[in-house]
């Protein structure tokens with residue numbers, strides 16, 4: 001198994017770091033049977049990839065054995081954002097039968113955290129994620145890791161995350177504050193409810209924490225304390 005080093009990792013301010021610890025704790029209180037979790041959003045650029053990766057790192061920092069899977073096969077930002085130190089094979093190589101799991105599985109410079117990247121954009125992302133090979137992959141990883149965190153595409157754009165969610169124990173919806181309407185979020189929520197995956201909850205992301213307005217005064221005091229507030233995570 002090769003190692004990949006991230007140049008830009010976990011440079012979080014105190015409030016944001018504590019928020020991820022709070023999110024991690026809340027997930028743990030959901031039960032020991034919640035170990036494979038996928039994250040999605042309504043639209044692109046709401047910050048779900050950062051939330052997914054930092055959540056995986058937070059679990060790893062607590063001593064859990066974690067694997068992060070970048071399953072946003074259509075438009076991944078993970079390698080570019082965290083600046084992996086070299087080109088890597090990825091999930092599409094494995095799902096298409098070109099490479100073995102050992103060849104696409106990487107250790108990282110974060111203790112206890114392994115990673116599977118996306119690989120090149122395939123012509124049939126939904127078909128690859130809905131295939132037997134992906135099912136077998138998730139079953140194997142369940143046996144080897146304490147937590148499996150999967151980043152998936154926005155459900156408001158494509159169906160991929162709903163397909164992945166069928167293999168998971170729970171799903172988390174990342175919502176950008178003051179951008180996504182209540183009706184849109186409810187529509188995505190109803191789409192998730194049609195599947196067989198438990199909705200664990202939502203993360204309100206990119207919240208203004210300067211004390212101005214409803215979110216700053218109310219969520220800055222209460223949501224940040226009890227659930228985790230994620231400031232300007234991109």
Worksheet item: Just wondering, is there one or more residues in segment 179-187 that are surrounded by 13 or more Cβ atoms within 10 Å (Cβ to Cβ), under 19 Å from the mean Cα position of the chain (by Cα) and either modelled with pLDDT of 80 or more or part of a strand (DSSP E or B) (or both)?
Response: yes
Discussion item. Please count how many residues of segment 111-143 are closer than 19 Å to residue 35 by Cα and in contact with a strand residue (DSSP E or B) (Cβ under 8 Å, 6 or more places away or on another chain).
Written reply: 8
Practice prompt. May I ask you to verify whether residue 219 is surrounded by 15 or more Cβ atoms within 10 Å (Cβ to Cβ), part of a helix (DSSP H, G or I) and modelled with pLDDT under 90?
Written response: yes
Item to complete: Report those strands (runs of 3 or more DSSP E) wholly inside segment 1-73 carrying at least 2 residues which are touching a residue at least 40 places away in the same chain (Cβ under 8 Å) and more than 18 Å from residue 105 (Cα to Cα).
Response: 36-41
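The values are calculated or read from the model by the stated rules, or taken from the named source; none is laboratory data. In this text, all values refer to a predicted model and were calculated from it rather than measured experimentally. In this analysis, Cβ positions are derived from the backbone assuming ideal geometry, glycine residues included, and neighbour counts consider all displayed protein chains.
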